[in-house]
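Report on the structure given below.
The values are calculated or read from the model by the stated rules, or taken from the named source; none is laboratory data. Everything quoted here is computed from the prediction, not taken from an experiment. Neighbour counts are summed over all protein chains in view; Cβ atoms, including those assigned to glycine, are modelled from backbone coordinates with ideal geometry.
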Amino acid sequence: MAVDQNQSSQGTCFVVMGFGKKTDYETGRTLDLDKSYKNLIKPAAERAGLRCVRADDIVHSGMIDVPMYEQLLNADVVVADLSTSNVNAFYELGIRHALRPRTTIVISEDGKSAKFPFDLNHVAVRTYHHLGEDIGFDEAQRFTALLTTSIREILDARPQPCDSPIYTVLNGLVPPRLAQQVADAR
């Protein structure tokens, strides 16, 4: 992804979610996830001082997999929106939990009637109210403030709390690093 010089030192928030209008088959509701991204997530990340990136924002050639996995590993914060039970979003959240012990935030639209799968039922999920085609102004203001505060708190906390179930259960697990990161650290 092309990054200008002014943004190269700015932290990144990578957003895991579906795109466009998607039907949540558990509730039958159709949600415009682009509205969630544009009206809630992106403004919150930017107010917290992060550059916000979603997979469809990444300029690339070839398969999206490489830059997506790099973002899942390297992003300062990942926000995973599981509103429509998008299997790709669940998979990418699992990858993030395996790669990083900290700084992952899970969100979801509050109209879901079904509970999350067992493996996620103990993870904190911040909820917002979606109107289907849009998000109300008051809700956008409320949730953006909540998410901005959440991002700032997890970035500022020392030590940062572990939010990955994998790193919580497998005490002593060491996060992977790319070879270039290891070389740069020397």
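Side notes on the structure shown:
- Those strands (runs of 3 or more DSSP E) of the stretch 45-129 in which 2 or more residues are surrounded by 15 or more Cβ atoms within 10 Å (Cβ to Cβ) and touching a Cys at 6+ places or on another chain (Cβ under 8 Å) occupy 51-54, 77-81.
- Conditions (1) in contact (Cβ under 8 Å) with a residue 40 or more places away in the chain; (2) assigned to a helix (DSSP H, G or I); (3) among the β-branched types (Val, Ile, Thr); (4) in contact with a helix residue (DSSP H, G or I) (Cβ under 9 Å, 6 or more places away or on another chain): number failed by Thr149: (1)
- Annotation note: of Asp184, Asp156, Asp134, the sole residue that is more than 18 Å from the chain's Cα centre (by Cα), of a type in the set (D, E, K, R) and at pLDDT 90 or above is Asp134.
- Some residue of the stretch 18-30 being β-branched (Val, Ile, Thr), surrounded by fewer than 16 Cβ atoms within 10 Å (Cβ to Cβ), under 19 Å from Asn88 (Cβ atoms) and in contact with a strand residue (DSSP E or B) (Cβ under 9 Å, 6 or more places away or on another chain): yes
- Here Thr23 fulfils each of the conditions (1) assigned to a strand (DSSP E or B); (2) at pLDDT 95 or above; (3) within 24 Å of Asn121 (Cα to Cα) apart from (2).
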